[in-house]
Amino acid sequence: MNNQKMLIAGRWTEAASGESIEVENPGRKTVVATIPRAQSEDVNNAVKAAGSAFDQWRKVSARDRGKMLLEIAVKLEAVTEQMAETIATETGNAIRTQARPEAAASADIFRFFGGLGGELKGEEIPLNNNMLSYSRREPIGVVGAIIPWNAPVLLAALKIAPALCAGNTMVLKAAEDAPLGVLLLAKVCDEVLPAGVLNVLTGLGEECGAAIAEHPEIRKLSFTGSTQVGKSIMRAASDRIAPVSLELGGKSPSIVFPDANEDWVVDGIVSAMRFTRQSQSCTAGSRLFLHENIFDEFLEKLAAKTASLKMGDPLDEATDMGAIINKKQFTKVCGYIEDGLALPDAKLVTGGMPDTEGPLSEGYFSHPTIFAEASNEWRLAREEIFGPVLVAIRWKDEAEVIRMANDSHYGLAAFVWSRDIGQALRTAHEVEAGWVQVNQGIGQIPGQSYGGVKQSGVGREYSLESMLESFTQKKSVTVNLNIPAPD
Ligand code: ADP
């Protein structure tokens, strides 16, 4: 058995309790490893280590911290294949379409932030001639980071790289369902960083995650996960007025205008819905608003396209679409499909309940499923399913579709499809979302701030601005340049 350890103070350790948790390959329903089950004692040890390392780390020049991140990027690139296999095994994400790109993108995140060390600049404010007023960007201290399982290594990189570049130290908790890639990332970081700068724990949300959220010496919390848990993180932070960054859920609209009834848009919808990640993505365009003039024809093409996706073993290079992360999530997705099948007005266009026999019954595989004639009021159209279930809603009037798109407590991403750029941009500006894509449905790119509005979160990631605003605090220094001459 592959018994993994976690990283505290530069040492690879078991949980203080000696307890462990099993990690499963969801494509095969087999246990592939065990990880330590960290609890509050382990969190205390990790926070202590991060606190001791902070004094030295903050004094390393920003450019030198950046150089270490660049070294990590190079080392990560050298283990891309091992990382890709690890991610595919534990997440169920297909190696070709998802896991390998995630491994490469994670190295890229370290390279991007490694180059930003020199940008941690303050400002000089011209108040008057007798005074020098300037500001400094200082690190906050020990950052507590909690990440989910859907893109585990990428999301870990997105917390670690900017936080450390800015001079903070970190205690990061990996998701219990997908900790192995994050532990490999931690191993690579550990080869480069001083002990205690990065501590990586594995454990359950209510035990290890909650202990991080509540720890009085953690000065900043950065969380990616569900809106429900995000609220509990914010509540815990409010007790000690700790700043939080929250990247939460979504129920993102994809608005297709009648002039966009074309094959490239069909491909774009498949990509925006993140079907090849089993739609386990917060940015999934899971509410498809199709204009009534093209409704049936477009759906026919979309159904043919999704049916052509090859679902199967995540480690097989031929696979387009892998498995759902675990039994709990699989059961939840099935519940939504059952719900749709039971609705008298809903029309099942493609997909449906998972196979109960044959190779696809050996893992948590769910077919891409589309329900048409959906109402924006349905549970299927309001709740984040985090599985490959798309609802298609008919619309005829621009104002009406914008109203429906915005009728959600989420506001993460949105997609607009039209050859009429004026119309598309008008819509993009009206939609309540942190990120709107026009005529494409790609993933995030370093450099562009990403994050949500409404209950999809607070704060931004992926950019210089995100590093400055999420991981530094600004100090003003005001100096009297006109003190009296000595007596
Ligand atoms: P998902 O439903 O995608 O698993 P969660 O929000 O439940 O999303 O989980 C995201 C991360 O938050 C995971 O690392 C999980 O262990 C952690 N987590 C879950 N519950 C809590 C909690 N009560 N406090 C802190 N962290 C939690």
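The values are calculated or read from the model by the stated rules, or taken from the named source; none is laboratory data. Owing to the predicted nature of the structure, the values given are computational and were not obtained by experimental measurement. Neighbour counts are summed over all protein chains in view; Cβ atoms, including those assigned to glycine, are modelled from backbone coordinates with ideal geometry.
Give the residue that is surrounded by the fewest Cβ atoms within 10 Å (Cβ to Cβ), with candidates limited to residues of segment 101-128 that are acidic (D, E) and out of contact with any strand residue (DSSP E or B) (no Cβ under 8 Å at 6 or more places or on another chain). Per the stated criteria, the residue is E119.
For the structure I just gave you, tell me whether A414 is surrounded by fewer than 20 Cβ atoms within 10 Å (Cβ to Cβ) and not in a loop (DSSP other than H, G, I, E, B). Working first, answer last.
Values: surrounded by fewer than 20 Cβ atoms within 10 Å (Cβ to Cβ): no; not in a loop (DSSP other than H, G, I, E, B): yes.
Spelling it out, it is not the case that A414 is surrounded by fewer than 20 Cβ atoms within 10 Å (Cβ to Cβ) and not in a loop (DSSP other than H, G, I, E, B).
Yes/no per residue for (1) in contact with a Ser or Thr (Cβ under 9 Å, 6 or more places away or on another chain); (2) more than 30 Å from G225 (Cβ to Cβ); (3) surrounded by 14 or more Cβ atoms within 10 Å (Cβ to Cβ); (4) at pLDDT 95 or above:
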residue: K396; (1), (2), (3), (4): no, yes, no, yes
residue: A405; (1), (2), (3), (4): yes, no, yes, yes
residue: S408; (1), (2), (3), (4): yes, no, yes, yes
residue: Q423; (1), (2), (3), (4): no, yes, yes, yes
residue: T427; (1), (2), (3), (4): yes, no, yes, yes
residue: V431; (1), (2), (3), (4): no, no, yes, yes
residue: W435; (1), (2), (3), (4): yes, no, yes, yes
residue: V438; (1), (2), (3), (4): yes, no, yes, yes
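Listed here are the helices (runs of 4 or more DSSP H) enclosed by segment 203-275 that have at least 3 residues being within 16 Å of the ligand (Cβ to nearest atom) and surrounded by fewer than 24 Cβ atoms within 10 Å (Cβ to Cβ): 227-238.
Residues that are of a type in the set (V, I, T) and near the ligand (Cβ under 10 Å from one of its atoms) were ranked within segment 130-180; the one that is farthest from Q444 (Cα to Cα) is I146. Of all residues in segment 46-90, those satisfying the criterion of being surrounded by 22 or more Cβ atoms within 10 Å (Cβ to Cβ) and over 21 Å from F471 (Cβ atoms) are M83, A84, T86, I87, A88, T89, E90. Residues that are in contact (Cβ under 8 Å) with a residue 24 or more places away in the chain and buried (at least 22 other Cβ atoms within 10 Å of the Cβ): does segment 341-350 have at least one? No, segment 341-350 contains no residue that is in contact (Cβ under 8 Å) with a residue 24 or more places away in the chain and buried (at least 22 other Cβ atoms within 10 Å of the Cβ).
When restricted to residues that are surrounded by fewer than 19 Cβ atoms within 10 Å (Cβ to Cβ) and closer than 30 Å to R277 by Cα, segment 26-45 contains 6. Given the structure, is L315 in a loop (DSSP other than H, G, I, E, B), touching a strand residue (DSSP E or B) at 6+ places or on another chain (Cβ under 9 Å) and not small (G, A, S)? When the stated conditions are applied, L315 passes them. Tell me whether segment 51-72 contains one or more residues that are farther than 30 Å from F365 by Cβ, under 25 Å from the mean Cα position of the chain (by Cα) and either without any contact (Cβ under 8 Å) to a residue 24 or more places away in the chain or in a strand (DSSP E or B) (or both). No. Picking from G122, G144, which residue would you name as being of a type in the set (G, A, S) and within 18 Å of the chain's Cα centre (by Cα)? After ruling out the rest, the residue left standing is G144.
Within the group K310, K332, K305, K301, which residue is within 16 Å of the ligand (Cβ to nearest atom) and charged (D, E, K, R)?
Working: K310 fails: within 16 Å of the ligand (Cβ to nearest atom); K305 fails: within 16 Å of the ligand (Cβ to nearest atom); K301 fails: within 16 Å of the ligand (Cβ to nearest atom).
Being within 16 Å of the ligand (Cβ to nearest atom) and charged (D, E, K, R) holds for just one of K310, K332, K305, K301, which is K332.
Hey, any hits in segment 152-162 for a residue that's under 20 Å from P36 (Cα atoms) and touching a residue at least 60 places away in the same chain (Cβ under 8 Å)? So far as segment 152-162 goes, yes, one or more of its residues are under 20 Å from P36 (Cα atoms) and touching a residue at least 60 places away in the same chain (Cβ under 8 Å).
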